[in-house]
Each structure stands twice: as structure tokens, then as C-alpha cells.
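Chemist: After the C-alpha cells below, expect a handful of questions from me.
The values are calculated or read from the model by the stated rules, or taken from the named source; none is laboratory data. Fair warning: this is a prediction, and the values are worked out from it, not measured in the lab. A quick note on method: Cβ atoms are made from the backbone with ideal geometry, for glycine too, and the neighbour counts reach across all protein chains shown. With ligands, DNA and RNA removed, areas are computed over all heavy atoms of the protein, side chains included. Shrake-Rupley method; radii C 1.70, N 1.55, O 1.52, S 1.80 Å.
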Amino acid sequence: METTPESSGLEIGESTSNSELETASSPDSLELTSDGVESLDLSSERSGINYNRLRDLLAAGNWEEANEETAERMWDVTWRQEHRWMRGRDIERLPCKDLKIIDTLWAYYSQGEFGFSVQKKIWEELGSPTGEGEDWKRFGDRVGWRSEGSWSSRSEIYSTGLGEGALPLGRGWAWERGVYSLASLSRRLEDCSK
């Protein structure tokens, strides 16, 4: 049975700390139990895709490989594997179940430091920038994607320490496409929380 935004009990952006696990009421929803994320159904809405490897990488604290795995799975579920980047309309059609799984895993294993909902919160705190101007640069500064007035390379971001909202960094959907991708992601998070 397909999970819809309406049937999922876990809201994007809800706290999923180890001590405050949420339990959903629907058997088809993402369920956090006393076993934590280990008991979640990590299968995608798309046949043949699951998030077991992402869970394992995050559990091991392997942030860089987990970031790459996140991009791979996002391309898979939006049929963008061949292109290896996503447009705003691709982000906006990410299956809600998949987006919730990804966000829940990142938030859980980073203890609330990383995840799309964390990035959305920061983006909104900065006024939800709609252009590639100073507000977008402030977002990059805040999450650690910029340093000393310039956009950082991936290796620089990983080597200088990861602050709140730094991950998932994305490949072909985050700062490469800038604020437009983050705006699409924010809208999708909002749609999936309804």
C-alpha cells in the first residue's frame, strides 16, 4: 500500500531525538518506536529502492558517503539518475515517503543538526530568499557552505567542520542550483507535512 502525506504520522520538521521518539498511528506510516529508526520501513514509494545503506552510513557517522547516497537515492526516485542533477520540478515531485525517510534519518543520526527540515528552518529564519543575492549568501555563510566571502568546495566544507544545516549538501540540487532548489525543497517539505 502506498503511503501518502495524509497517512504518514511523522511530520517533516518534527523533533526525532533519541529520547523523544514519535509513534505514528497508521500501519502504513513511518513509525518510530522504542527501537528508533532501526524499525522504520525504509522502502521507497518507488519499487526496488530502499534507504538501508543511507541508514547504515548515517549510523556510522560517515557523513560524506551518506551525503552521496542521499543524492543517488533522490535521483533514483525522481528518475534523474542519468542526468545526476535535479530541477525544481523534480524536487517538487519527490515522493513524500522518501523525503520523510531521508529527513528523519539525517535528523535522527545527527541529533537534529542535519536534515532538510533543519535547512528549511534556517532558510525561513533568513527570510526565505528568492534570489541569488545577499540573502542566499547569508544562508551559505550560516550553514557553512561559504567561507571568507566565497563559496567553498565540498572538500573545504567537510574539512572545516560541519555546522547546523550543513548536510545534506546535495549534488546537483543544492548550492549548484542555489536558492531555487532550496525554495522547491521547502515547498515540498511543506506539502508533505500536510
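Chemist: Going by what's in this entry, would GLY144 be described as at positive phi, surrounded by 11 or more Cβ atoms within 10 Å (Cβ to Cβ) and either in contact with a helix residue (DSSP H, G or I) (Cβ under 8 Å, 6 or more places away or on another chain) or among the basic types (Lys, Arg) (or both)?
Modeler: On the way: at positive phi: yes; surrounded by 11 or more Cβ atoms within 10 Å (Cβ to Cβ): yes; either in contact with a helix residue (DSSP H, G or I) (Cβ under 8 Å, 6 or more places away or on another chain) or among the basic types (Lys, Arg) (or both): yes.
In short, yes.
Chemist: Spot the failing condition for PHE114; the list is (1) part of a helix (DSSP H, G or I); (2) in contact (Cβ under 8 Å) with a residue 12 or more places away in the chain, and only one is missed.
Modeler: Only one criterion is unmet by PHE114, namely (1).
Chemist: Do you know which residues across the stretch 55-91 are open to solvent by less than 10 Å² (accessible area, probe 1.4 Å), in a helix (DSSP H, G or I) and of a type outside the set (Phe, Trp, Tyr)?
Modeler: Quick first cut of the stretch 55-91, residues open to solvent by less than 10 Å² (accessible area, probe 1.4 Å) only: 58, 66-67, 70-71, 74-75, 77-78, 86, 90-91.
Add one more test, that the residue is in a helix (DSSP H, G or I), and what stays is 58, 66-67, 70-71, 74-75, 77, 90-91.
Passing the criteria: LEU58, ALA66, ASN67, THR70, ALA71, MET74, VAL77, ASP90, ILE91.
Chemist: Considering only residues of the stretch 28-54 that are of a type in the set (Val, Ile, Thr) and not in a loop (DSSP other than H, G, I, E, B), which is modelled with the highest pLDDT? Give the steps one after another, and end with the answer.
Modeler: Restricting attention to the stretch 28-54, the residues satisfying the condition of being of a type in the set (Val, Ile, Thr) are 33, 37, 49.
When the remaining residues are screened for being not in a loop (DSSP other than H, G, I, E, B), the result is 33, 37.
Numbers: THR33: 49, VAL37: 74.
Checked the stretch 28-54; the qualifying residue modelled with the highest pLDDT is VAL37.
Chemist: Continuing with the same structure: Which of the residues spanning the stretch 45-54 are of a type outside the set (D, E, K, R) and surrounded by fewer than 16 Cβ atoms within 10 Å (Cβ to Cβ)?
Modeler: Going through the stretch 45-54, the residues of a type outside the set (D, E, K, R) turn out to be 47-52, 54.
Hits for the stretch 45-54 are SER47, GLY48, ILE49, ASN50, ASN52.
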